[in-house]
Each structure stands twice: as C-alpha cells, then as structure tokens.
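The values are calculated or read from the model by the stated rules, or taken from the named source; none is laboratory data. Computed from a predicted structure; not experimentally measured. For neighbour counting, all protein chains shown are included, and Cβ atoms are generated from backbone atoms with ideal geometry for every residue, glycine included.
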C-alpha cells in the first residue's frame, strides 16, 4: 500500500545532457539508482521559440560561436526522446517532458507519461490549453509558477479546468541558483488561493527541498547533473549523483516520520514508560480530571 505522505520525486534532466545521448542515459541511470519516481526532459522547436535575432547573437560555447548553434546542439529529435522514454521505462522510471511550443508538444505527446508547462510558458495560453487537452484525465499535468504573479497563475488555471483534473501547480522561483531568501516556501501551504501541491527547486543544497516536502509538497523536482562544473546554464543549480541519493533518502525518511497526525503511545515507548513514570502519579485511567 502506498504511504499517504509519499512524495513523487522527479529528476529534472532538462538540457543538462548537452545534446549527448550517452550523458542523457547516464543521468537516467543516476535517477534510477537514487530511487526517483521519474525523469523529465525539455523540448523546443528552436526556430519557433527563438527569433532569428536571438539565434544570431554571438555566444562562445564548446560547439560554436553563436546562440543558435548552442540552442540547436541542446535539442534532441522526437525519435531520440522516444528512445529515452523507452530507456527510462526499462529503468523503472516514468518519463516527462516540458514542451515549449505546439510542435514540441506534438513531438512527445504520443509517449510522454506526464507533461509540464515550464515557467516561461505559463502565460502562453494556447500552449497551456493544448497541453491540458493532451493530458486529459489520463496523464498528469504540472504547471510551474516561476516568475509568475498570482493573477497570471489564476489565468493559466482557467485554461486547464475544462480539460483535466489531474494537474498540480509547482511552486518555483526562476533564479539559477536561487538564494534561500527568494524561495518563499510557505507559498506551498496556501491551499485557499492555489492548489499548490508541488515544488520545483533551483537552489543549491538539499535542506530547503526537504523542507518543501515537509510543508506539504506532494511532488518535488530538482535538476540533476553528472558534475556541476560541466558547461550549461542549469548545471550550477543542479544536484550531483550522491546528493540526489541523499535527497531521496531523506525525503523517504520524512514521509515515514510525518505519520498520520494521530497522537498515540507506541510499543517502543512502553518499556520507557514503565521504567520512568512513577506509579503514584495521577493517571487518566485511575482518576477523572476536572477543571
């Protein structure tokens, strides 16, 4: 039976594979060895997401000298994403993807186990609605809320309600890495205005992500990497393999420790109770206490 406090842990590979299928597979292996539930990638149609001017901008990187060369290097084809979906499935992991445009959605919608709206895309009403329709009630939809106002989040929700009931808001701050005083984890506790049940973190360290789970995040996502010194804009805000193992271990311990909230005396306490509690003290079983 699944524990009521169980947190769904997603290892966000994103673009940390640097366009290398071998690195992508190794990162899936890392997630599986750590005990994660899922991995997630990103998919963009470069010429749709970026303008020609943006792609022409000079940018030094290991694969060229322009921004366009870098963006194209970081993209896998739909066929490669399908291969990674099959590889993740063989490793016992679910496969998710954040499509940044309608063509990218079409490229992965046939096989992705769940889909996510990335924070920059939350105000793309057409993409949000199309992704919600694709998910229906058969697949989970995640909506990341980084760089978004409450009004923008509420507006995105209006494009989701009619198409799926299986969606989760992911509390997020889009800074890489994010300083602790910008995390604002207490938003996770706000059940009156938003159904914020998840957390997508870009901070360094592990303790704040564990705190997010303790505050009620039912789904936790962190970027992972083989080595934080690798080239890439997301590497510095990512977790290396040993850190990921510790994160999953500590979240699983937290799940058990949270319990069900019903106060009781445990079997493990009885010997201590018998030894340390004096027999002549007032006991509920022997005396009625009145006020």
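General observations
- Residue match in segment 52-75 (condition: in contact (Cβ under 8 Å) with a residue 60 or more places away in the chain, outside any helix (DSSP H, G or I), in contact with a strand residue (DSSP E or B) (Cβ under 9 Å, 6 or more places away or on another chain) and surrounded by 18 or more Cβ atoms within 10 Å (Cβ to Cβ)): no
- Restricting segment 82-107 to residues that are under 30 Å from residue 125 (Cβ atoms) and part of a loop (DSSP other than H, G, I, E, B), the residue that is farthest from the chain's Cα centre (by Cα) is 101.
- For segment 1-45, residues that are surrounded by fewer than 19 Cβ atoms within 10 Å (Cβ to Cβ), assigned to a helix (DSSP H, G or I) and touching a residue at least 12 places away in the same chain (Cβ under 8 Å) total 7.
- Hits in segment 142-160 (condition: under 21 Å from residue 48 (Cβ atoms), within 17 Å of the chain's Cα centre (by Cα) and buried (at least 20 other Cβ atoms within 10 Å of the Cβ)): 143, 144
- Residue within segment 218-225 that is over 28 Å from residue 25 (Cβ atoms), modelled with pLDDT under 95 and surrounded by fewer than 19 Cβ atoms within 10 Å (Cβ to Cβ) present: yes
- Qualifying residue in segment 245-256 (condition: surrounded by fewer than 10 Cβ atoms within 10 Å (Cβ to Cβ), more than 20 Å from the chain's Cα centre (by Cα) and part of a helix (DSSP H, G or I)): no
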